[in-house]
Structures are given as structure tokens and as C-alpha cells.
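> Please find one structure pasted underneath; my questions will follow.
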Amino acid sequence: MLNIFVLHGFVMPWWLLCQTLEVGDSRWEVVVSWWSTELSERQYDGIIGLSQGSAMAVLLLSMVNHPERVPGFSPAKKQDIKFGIFCSGVLFRTLLFMRIYMGSLIYPPCTL
């Protein structure tokens, strides 16, 4: 699977370094809608992600495990994901993503 989306003929990554996604943001709404549709049409045994794809994979697992935390996310099929492989990813620390992660991941505080 790709971690980019095509909207109105424009290719757009699901996340941009200089942008903070939040509920109501059109880019975030496209991500939620796309995943809802994809997971309503297909079922997956596992998920693999590299770099930004790894960050999306971790976020997606949290979304699948706690759909009530993501307004508008309502896949029709139950996803029984048995494994995940994540390479060079990050956990985003924005308020939106932290609300989705809470309860499904435990991570250390950010220190610099």
C-alpha cells in the first residue's frame, strides 16, 4: 500500500513535516476517509511500513484497535491484524495522534 493519496488530480503525502494535522483538517479527513474505505473493502493479516509508512502503520494499528478515538473512521470489516513490521518510523506527538495512540501504545516522554 502507498502512503500517498491522490485528491482532485494532485498527489499528496498523508503527512507533511511543516503541518500539524487535527480533526477537521481536510488532509486528515482524506486520510481517515481513505482508510475507512480501504478497510471496508479488504482485510489484512499484517502491515509493513518504512519511514513515513512505518509512522502511518503504527497510527493505523491504533486506529483499528480504537476506532472510537477517530471521528469519521468506520471500516465495515473487522481487521484481525496479526503482525506489524516497522522500520525507521516515529511516533508523532501531536495532540491528535497522542489521543489516538493512548491506551494502545506506551512510549517514553520526549527528551532532547
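Nothing in this text is a laboratory measurement; each read-out follows from the coordinates by a stated rule. Only a predicted model underlies this, so the values are computations on that prediction, with no experimental measurement involved.
> Please list the non-local residues whose amide H lies under 5 Å from the amide H of Gly84, H modeled 1.01 Å from N, same-chain partners needing a gap of 5 or more.
For Gly84, whose amide H was placed from the backbone, the distant partners under 5 Å are Ile47.
> In addition: Convert each backbone phi in the stretch 63-78 into a coupling constant with the Karplus relation 6.51 cos²θ - 1.76 cosθ + 1.60 (shift: θ = phi - 60°), then list the ³J(HN,Hα) values in order as whole Hz, x for Gly and Pro.
Result, rounded to whole Hz: 5, 5, 6, 9, x, 5, 8, 10, x, x, 8, 8, x, 7, 9, 6.
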